[in-house]
1. With a 1.4 Å probe and all protein chains left in place, how much of the accessible area of the range 1-119 comes from carbon and sulfur atoms, in whole percent?
2. By accessible area of protein heavy atoms, probe 1.4 Å, what ranking do Ser49, Ser119 get, highest first?
3. Provide the per residue accessible area, probe 1.4 Å, for the range 1-104, rounded to a whole number of square angstrom.
4. In terms of Cα to Cα distance under 17 Å, which aspartates and glutamates are near enough to Lys64, apart from those fewer than 8 places away along the same chain?
5. What is the sum of charges around His61, taking Lys and Arg as +1, Asp and Glu as -1, for the other residues whose C-beta is under 14 Å from the C-beta of His61?
6. Can you pull the accessible area of Leu112 for me, 1.4 Å probe, Å² to the nearest 10?
7. Could you state how much accessible area Arg83 has, in square angstrom rounded to the nearest 10, with a 1.4 Å probe and all protein chains kept in place?
8. Using a 1.4 angstrom probe and counting only protein chains, how large is the accessible area of His32 in Å², to 10?
Amino acid sequence: MNKGIPQEGGPIAVMLHEHEMGRMHVRGMSSHVEAAADGNRMALEAFASHAEGYVQLLRQHILKEDRILFPMDDRVMNEDDTREVLRQFDQVEKEEMGTGTHERFLKIAEKLAERYDVSKAQLLPHLPSDSGCCHHKH
């Protein structure tokens, strides 16, 4: 269901490339986390570099979603299309990640934010308070 939006060379291609960059940062953090936890200075620096890169990437990625991708979605998709996309998200969560994974990750993020005294408003200043995940109301 591309609705006339190109998969290559357009905004979707940029977003998919950023998804791969995000996975690269996660792999980088994962490969250095144990040595960093053991006090290895080089591993700690590598982990921190990947973590900072990931945070910056996510912030820019979410802004692009909010300012470009979701408005495009609103113009080209009808309610049935949106319901189908959400159904597919739910299916992937159930079949590949396990039911409730999304909520578990949100709780982890909330606990970390609380632990490090970061308010939800600081984390998501660009989202209306009634938005659900990915800008869609639930």
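The values are calculated or read from the model by the stated rules, or taken from the named source; none is laboratory data. For clarity, every value in this text was computed on a predicted model and none was experimentally measured. Backbone-built Cβ (ideal geometry, glycine too); neighbour counts: all protein chains shown. With ligands, DNA and RNA removed, areas are computed over all heavy atoms of the protein, side chains included. Shrake-Rupley method; radii C 1.70, N 1.55, O 1.52, S 1.80 Å.
1. Working: 5060 of 9020 Å².
Carbon and sulfur together cover 56 percent of it.
2. Working: Ser49 75, Ser119 50 Å².
Accessible-area ranking of Ser49, Ser119, largest first: Ser49, Ser119.
3. Details: 7480 Å² over 104 residues.
Heavy-atom SASA per residue in the range 1-104 reads 72 Å².
4. Straight-distance partners of Lys64: Glu8, Glu18, Glu20, Asp73, Asp74.
5. Working: positive: Arg23, Arg59, Lys64, Arg67; negative: Glu18, Glu20, Glu65, Asp66.
Result for the local shell: 0.
6. 90
7. Rounded to the nearest 10, the figure is 130 Å².
8. Only protein atoms counted, so the area is about 50 Å².
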